[in-house]
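**Student:** Quick one: this structure, given as structure tokens, is what I'll be asking you about.
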Amino acid sequence: MNLRYYPVNFRHYVKYKIGLTPAYTQTSESERKCLQKYATGKKTLVEIGVFEGVNTRQFRSVMNAEGTIIAVDPYPRSFFNLLGFAWIRRIAHVEVGKVNRGNVIWVENLGKLAPKEEKVMPHLPVDFLFIDGDHSYEGIKGDWEAWSDLIESGGIVALHDSFNGKQPRIGSEIFTQEVILKDRRFTFIESVDTLTVIQRN
Ligand SMILES: C[S@@+](CC[C@H](N)C(=O)[O-])C[C@H]1O[C@@H](n2cnc3c(N)ncnc32)[C@H](O)[C@@H]1O
């Protein structure tokens, strides 16, 4: 994510609060429609990399009414929470709070460490995982190794920035193409823009 294109500062926060600008997301409209289709009716959902909560809110609005969404983002902050991702975090909480359905568990940690959190463990395994956090090769590798065995049979994994056809490829594209899509525990379902959807066998 290039923050140059997403100036997430106090000014953006104020404009968001007074309704002059919506919450930011890097997903396209077609990707959001696709994500919504697979999140519908799911009971335990995880999003790694919540950012401003646009998709988290959408997942909450279509999941099982008794469902739980585990929202994972470390939201690195600095200078008494006035710089960095503190504003993004505030916007995410407002966005996700706009829907009152099921439960939300906020995990301010790295995706790869989230399954070891005490508040997460009772909810495992899960039936929907959206990976959109650290797009480096090592970052997505960590998420994949921590979560891939925690997906129920028939459960869905959606991977953002997993393909875009341009060179040079980023780590999440290389890891998806060379490791995840060859994993025999999963079957490819479809891809939309940069999103890849697979299902646990
Ligand atoms: C591309 S944005 C996510 C966009 C969001 N999923 C959406 O649909 O609008 C990436 C987010 O991942 C978070 N992040 C970075 N590294 C992470 C990691 N290792 N685990 C979880 N989240 C991470 C960042 O703080 C940032 O908010």
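**Student:** Averaged across orientations, what area in nm² does the convex hull of the alpha carbons in segment 21-105 project? Present the calculation step by step, with values, prior to reporting the outcome.
**Tutor:** On the way: hull surface 22.1 nm².
Average of the hull's projected areas for segment 21-105 equals 5.5 nm².
**Student:** Another question about this same structure. Around D134, under 12 Å between beta carbons, what's the net of Lys plus Arg minus Asp minus Glu among the other residues?
**Tutor:** For residues surrounding D134, the net value is -3.
**Student:** Kirkwood Rh, Cα Rg: Rg to Rh for the chain? Write out the running numbers ahead of the final one.
**Tutor:** Numbers: Rg = 16.1 Å, Rh = 17.1 Å.
Ratio of gyration radius to Kirkwood radius: 0.95.
**Student:** Would any residue of segment 31-58 have its amide N under 16 Å from a label point 7 Å out along Cα→Cβ of N109? List them or say none.
**Tutor:** Inside the label zone: 46-50.
**Student:** A further question follows. Suppose only helical runs count, i.e. DSSP H with n ≥ 4. What mean residue ellipticity at 222 nm does that imply for the chain under -39500 (n - 2.57) per run, divided by all residues and rounded to the nearest 500 deg cm²/dmol? Numbers along the way, then the final one.
**Tutor:** Working: 6 runs with 59 residues, N = 201.
It lands at -8500 deg cm²/dmol.
**Student:** Further question: With an 8 Å cut-off on Cα pairs and a minimum separation of 6 or more residues, tell me the relative contact order of the chain in percent.
**Tutor:** Relative CO of the chain lands at 19 percent.
**Student:** With charges set only on the Cβ (+1 for Lys and Arg, -1 for Asp and Glu), what does the dipole of the chain come to about its Cα centre, in debye to the nearest 20? Don't skip to the end; give the middle numbers.
**Tutor:** On the way: 26 positive and 24 negative charges, 130 e Å.
Once rounded to the nearest 20, the dipole reads 620 debye.
No value in this document is a laboratory result; all are computed from the given coordinates. Here the structure is a predicted model, which means the values were calculated and not measured. Please note: Cβ atoms are built from the backbone with ideal geometry, for glycine as well, and neighbour counts cover all protein chains shown.
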